[in-house]
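Structure, as structure tokens:
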Amino acid sequence: MKNSNRAFIGRHLLASIQLFLVVTVVSANADELPGKGIVVQPVDQGVIEEVFQLEIIIAGLKRLGYQVKPSISLARVIGMSHLMVAQGDADFYAVHWEPLHNHFFEKVGGEKTVYRIGTLVAETTQGYLIDKKTADQYDIRSFDRLQDPKIAGLFDTNADGKADLAGCHVGWGCHRVIENHLDTFRLRETINHNQENYFEMIDATINRFKAGKPVLYYTWTPLWVNGVLVPGKDVHWLSVPVSETPGGGQKRYATLPNGRSLGFEVSTMRIVANKTFIDANPAVKRFFELVTIPLNDISEQNLKIRRGEKHTRDVRRHAREWISSHQSEFDDWISEALKAAR
């Protein structure tokens, strides 16, 4: 046999042996993973724009050997999500906003029943915006300017003389803050707080904007809305002169470049998890502590949803692609979680 043939066969034999060893090790490790035989139940709000974060978390749990059941969707009832986690009907909820959701956290028993873990997304913001054209023409920069019936009437969409604010669902944390603002600034007589399906209202708002009509709406980051109606270009944030947040909190408000408040506290998106479940699963606790997603990455992914990639299978692919592009960091989270399990 020629030396070249022997070398060729030798390399392939060595590769086969190495592959066998890798498969053997992986199989052995799979049997030793901390999640083996343990089923995890997530809960969510049924909002596709929040599924990206959840899918990244689920991928990590599966890497740790856990079997993850399909998430329970509760159609935007945030308080119920917290309650299910506290009672053990679900194991975690991935998009708790602290301090915006403090009320829901405390209502289910706080630290006696659930943990708030990690910094899934940092420095989220919220506020009110109007179209730049109207803002410039009438010099509207502050939310309390809508106390003036003439100014409020610019944003009237149903001919009742009041401004129509595309606002926030009943049951969301932002709903409580907006309602508080309307009372604080005596705006009940000049503003209708519309509280229907948020995304349907935003679609209508975008259509009004495209038609050249004034718009008034609430939104937050991370979300695709600011990629469609771009602050500073298409729309302006409105300052809120006196910030009042029901239930207190850390009182660190999001601000405009000029230092004026947006009226909503800066929030950190964290994972709320059942206390008993976390105490029994230190690997999950460590993974939840470490997983973090840049706000801009979520906003960019949300734009893909807006452009038509809006099915769960699309979002799962987005999550896989994100993990692939952050593979080293993701692997480090898994490695640290495995160490915690030992």
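Want the number for N296 to T276: 0.36 nm per residue separation, take away the alpha-carbon distance, what's left?
3.9 nm
Could you give the size of the charge dipole of the range 124-266 about its Cα centre, using +1 on the Cβ of each K and R and -1 on the Cβ of each D and E, expressed in debye and rounded to the nearest 20?
Using only the charged Cβ atoms, the result is roughly 380 debye.
Which three extents, in angstrom, do the Cα atoms of the range 36-84 have along their principal axes, listed largest first?
Cα spread of the range 36-84 along its principal axes, largest to smallest: 32, 21, 13 Å.
Ordered by residue, what ³J(HN,Hα) values in Hz, to whole numbers, does the range 326-336 give under the Karplus form 6.51 cos²θ - 1.76 cosθ + 1.60, where θ = phi - 60° and Gly and Pro are x?
Karplus values, whole Hz, x for Gly and Pro: 10, 4, 4, 5, 4, 4, 5, 4, 5, 4, 5.
How many lysine pairs are close in the range 124-266, with Cα atoms under 17 Å apart and the two 8 or more places apart or on different chains?
Eligible lysine pairs with Cα atoms under 17 Å apart amount to 12.
Within the chain, what is the longest stretch that has no GluC sites (Glu not before Pro) placed in a DSSP loop and near at most 12 other beta-carbon atoms within 10 Å?
Within the chain, the longest run free of exposed GluC sites (Glu not before Pro) spans 1-188.
How would W97, W220 line up from fewest to most surrounding beta-carbon atoms within 10 angstrom?
Listed from fewest to most nearby Cβ atoms, that is W220, W97.
If each DSSP helix of 4+ residues adds -39,500 (n - 2.57) and the sum is divided by the residues in the chain, what number results at 222 nm, nearest 500 deg cm²/dmol?
So the helix-based figure for the chain works out to -14000 deg cm²/dmol.
With the contact rule set at Cα under 8 Å and sequence spacing of 6 or more, what percent relative contact order holds for the range 124-266?
Relative contact order, the range 124-266: 35 percent.
Using 0.36 nm times the number of residues separating K233 and Y138, minus their current alpha carbon distance, what extension gain do you get?
32.5 nm
Out of residues 5 or more away from V68 or on other chains, whose amide H comes under 5 Å of its own, with H placed 1.01 Å from N in the peptide plane?
It is V40, by chain and number.
Using only C-alpha atoms and all pairs of different ones, pull out the Kirkwood radius for the range 124-266 in Å with one decimal.
15.0
Please compute the modelled spin-label separation between D148 and K339, points set 7 Å along Cα→Cβ, answer in nm with one decimal.
It is 6.0 nm.
So what is the relative contact order of the range 33-176, in percent, for Cα pairs below 8 Å that sit 6 or more residues apart?
So the answer I get is 21 percent.
Using only the Cα atoms of the chain, what do you get for the radius of gyration and for Dmax, in Å?
24.5, 96
Which listed residue (N302, Y128, V315) has the Cα farthest towards the positive end of the charge dipole for the chain, taking +1 on Lys and Arg C-beta and -1 on Asp and Glu C-beta about the Cα centre?
My answer, from the dipole projection, is V315.
Just so you know, all these numbers are worked out from the coordinates, no wet-lab data involved. None of these values were measured; they are calculated from a predicted model. For neighbour counting, all protein chains shown are included, and Cβ atoms are generated from backbone atoms with ideal geometry for every residue, glycine included.
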